[in-house]
Every structure is written in structure tokens, then in C-alpha cells.
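Let me begin by presenting the structure, written as C-alpha cells, before commenting on it.
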Amino acid sequence: MKKDVVSVLGEFTTPQTLLKAVKTARKAGYKAMETYTPFPVHGMDDAIGIKPSKLPWIVLICGAVGLASGFALQTWVSTSAYKLTISGKPFFSYQAFVPVMFELMVLFAAFGTVFGMLILNRLPRWYDALFKTKRFHTVTSHGFFLEIQAQDHLFDIEKTAEYLSEIGGTNVEVVKA
């Protein structure tokens, strides 16, 4: 295998043929694959074997941290830092803490969502070898592509390119770094 080869890319005519090709490639043993389409294709996540996202857990943890930090900050302020007696209320009056706790929970969860999504998607990505291919620019309008990556245990440049052609891929090309 050549060191500058990143993957082999094949174009398919419809989302249905792409979905069928992905299922066929998975049955053949390919695992390091990626699909590119101009819109989401129903069933593609299951076909390609994508695991559920970790993002909901990141958002939950960040929201809980925001809630706890809002509660801790207000508890410290009202019981230690600025003990103010207002209308005879006790120093620790947690009912008044609810709006700030809610707002900090939402703020931390929003930050967790944005930064978690960027990190999990490895963004921003300033360069990808696919941008140098001849036909990949059609992915934003009408192109349906299957990429089998070089790190796959079954990857062989000629055999993989031939396999993509056999399962219906057109304009099959080797992607180099």
C-alpha cells in the first residue's frame, strides 16, 4: 500500500444504490467507510455501523455542572461572603436560587453542545484530501459517494477500486493526500 493513498472513492447514482452498496461492503468485511450525500439518507447510520453519539452525555454533564455551580455559588454568597438579612429571611433560602441555577444549567449545556459537537466532529477541518478529487464537488447538490479508507484491514488499492465498481460505483478514483 502506498503511503500517500488515503482512500478509494466511488460515486453512486441514487441514495438507494448507495445504501445497498454500503450494506454489501459491510457484509464483505469493510469497516473503515464513510458516505457523503447532499441530504440525510434514512437507514445509512445503521448500514454503515455508526454508534450512537456521545453528545447527549456531554450536554447532560455540562448542564449538571452548571446547575451545581449556580447552587454552590449562591449558597456560598448568601451564607458566607455577604450575609445580608433581608425581610427576616434565612441566609440559606434556596427558592431564590432557582432562576440563576436554571440559567447557568442552560448556559453550560449550550456551551457543552457547541464545543462537544466541534470536538466530536473534529472541526474545524481546514483540509481534506477529498477536496482534490474530480467529482467530489457534486456532493453538495446531487452526488452520492462511498469512501473506503486506507486504514481498513481489507484495503488494497486495486482490489478496493475494483470492488467499488462491481457494486455499482461509477467514477471510482484513488484519493491521495
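Where a number appears in this text, it was derived from the coordinates with a stated rule and is not lab data. Not measured: the values here are computed from a predicted model. Virtual Cβ from ideal backbone geometry, glycine too; neighbours counted across all protein chains shown.
Remarks
- Sequence-separation-based contact order of region 55-120, relative, with Cα cut under 8 Å and 6+ spacing, percent: 57 percent
- Gaussian network model of the chain, springs between alpha carbon atoms under 10 Å - residue of 88, 49, 29 with greatest fluctuation: 88
- Computed over region 1-126, relative contact order equals 27 percent, with contacts defined as Cα pairs under 8 Å that lie 6+ residues apart.
- Of 27/51; 2/159; 54/176; 20/51; 27/132; 27/159, pairs whose Cα-Cα distance is over 25 Å: 54/176; 27/132
- Counting only lysines at least 8 places from residue 83 when in the same chain, there are none with an alpha carbon closer than 26 Å to its own.
- Here the calculated FRET efficiency for residue 50 and residue 94, from their Cβ-Cβ distance with R0 = 45 Å, stands at 0.60, rounded to the nearest 0.05.
- The ranking of 30, 82 by Cβ neighbour count inside 10 Å, starting from the fewest, reads 82, 30.
- Overall form of region 55-120 per C-alpha gyration tensor (a/c, 1.5; a/b vs b/c): prolate
- Highest GNM mean-square fluctuation among 15, 56, 90, for the chain modelled with Cα contacts below 10 Å: 90.
- Shown for the chain is the translational diffusion coefficient from the Stokes-Einstein equation, using the Kirkwood radius over Cα pairs, a temperature of 4 °C and a viscosity of 1.567 mPa s: 65 µm²/s.
- Candidates 126, 57, 76, ranked by Gaussian network fluctuation over the chain, Cα under 10 Å, top entry: 126
- Here is what passes the span test in the chain: the DSSP H helices with alpha carbon length of 24 Å or more along the helix axis and a Kyte-Doolittle mean of 1.6 or above are 98-120.
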